[in-house]
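One structure below.
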Amino acid sequence: MPRLTLTFDNGPTPGITEQVLDVLEIHGIKTTFFCVGSDLLLPQRRELAQRAHAEGHWHGNHTLTHSIQFGMSDDPRLPEREIGQSQEILGDLAHPEKFFRPWGDGKISQNILSAEAIRYLTAGGYTLALWTAVPRDWEDPNGWVDRAMRQIRDQDWALMVVHDQDTGAMAHLDEFFERLAAAEIEVVQELPPHATPIRNGQVLTDLTHLYRADDAGAPQFQIGQSKTTGSDKS
Ligand SMILES: [Zn+2]
């Protein structure tokens, strides 16, 4: 039976996430919410995240500000700020495997990480959570379910990103679950290993498509490398 892991990015959003949680409950589905750290400083949003946590959903870190890709910046403190500070704000909401999802505007490219960011993730024992399906619900709030079904049709285990934001897209979540059930696709909470190239700080797959190696001798990240085996150039 094909599987789907569903994740929600950029929320929680008051007025939207309540309904999302209700629909998830009705269908008995558990998911992961990837939150922008600075958003969780707002009490209403934090309360919603706490409700999701109490209902068995997981939380991951989706940067502090959702505004800059690591590959577009030379600021050496960017990983500490965008990953570390956001993780601190997540606090006890965070999943123990420290899920981190970079901001990529829906695209996996060599800009979404940098060598410094990868070193920060491995040293801190983070799990890099990418994705394999993005139905672009924010651009097409009334048509995303069709695209979502097409995107996962040929995958044994897809990791999908949708957004619990105020676009109107979440009004179709119930319909999406009905169609998944009709297609006999099982929704699971675990993140698929093939979409987590770093797990608990350990490099599991080649990372060269995720960052731009610099000319002066690219740092190499070996499969199996973790904070105990990796060279520390910082
Ligand atoms: Zn996002």
Inset, instruction - Kindly provide the set of residues from the range 1-22 that are open to solvent by 30 Å² or more (accessible area, probe 1.4 Å) and among the aliphatic types (A, V, I, L, M), ordered by number. - result: 1
Inset, instruction - Go over the candidates 158, 148, 169 one by one and state the one that is modelled with pLDDT of 95 or more, buried (at least 17 other Cβ atoms within 10 Å of the Cβ) and either aromatic (Phe, Trp, Tyr) or within 16 Å of the ligand (Cβ to nearest atom) (or both). - result: 169
Inset, instruction - Check whether at least one residue in the range 23-42 is surrounded by fewer than 21 Cβ atoms within 10 Å (Cβ to Cβ), away from the ligand (no atom under 16 Å from the Cβ), within 18 Å of residue 85 (Cβ to Cβ) and of a type outside the set (A, V, I, L, M, F, W, C), and report yes or no. - result: no
Legend entry - Of the criteria (1) closer than 19 Å to residue 204 by Cβ; (2) within 15 Å of the ligand (Cβ to nearest atom); (3) at pLDDT 95 or above, which one residue 95 fails: (2)
Inset, instruction - Give 97, 88 a once-over and let me know the one that is of a type in the set (D, E, K, R) and not in a loop (DSSP other than H, G, I, E, B). - result: 88
Legend entry - Pairs, first polar (S, T, N, Q) and open to solvent by less than 10 Å² (accessible area, probe 1.4 Å) in the range 77-105, second assigned to a loop (DSSP other than H, G, I, E, B) and within 16 Å of the ligand (Cβ to nearest atom), C-beta under 9 Å, six or more apart: 86/36; 86/62; 86/63; 86/64; 86/65
Legend entry - Selection from the range 125-140 of residues that are within 16 Å of the ligand (Cβ to nearest atom) and over 25 Å from residue 97 (Cα atoms): 135, 136, 137, 138, 139
Inset, instruction - Could you check residue 63 against (1) surrounded by fewer than 23 Cβ atoms within 10 Å (Cβ to Cβ); (2) not in a helix (DSSP H, G or I) and say which number it fails? - result: (1)
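The values are calculated or read from the model by the stated rules, or taken from the named source; none is laboratory data. Just so it is clear, the structure is predicted and the values come from calculations on it, not from any experiment. Ideal geometry is used to build each Cβ from the backbone, glycine not excepted, and the neighbour counts take in all protein chains shown. Quick note on the areas: whole protein, heavy atoms, side chains included, nothing else; ligands and nucleic acids left out. Shrake-Rupley method; radii C 1.70, N 1.55, O 1.52, S 1.80 Å.
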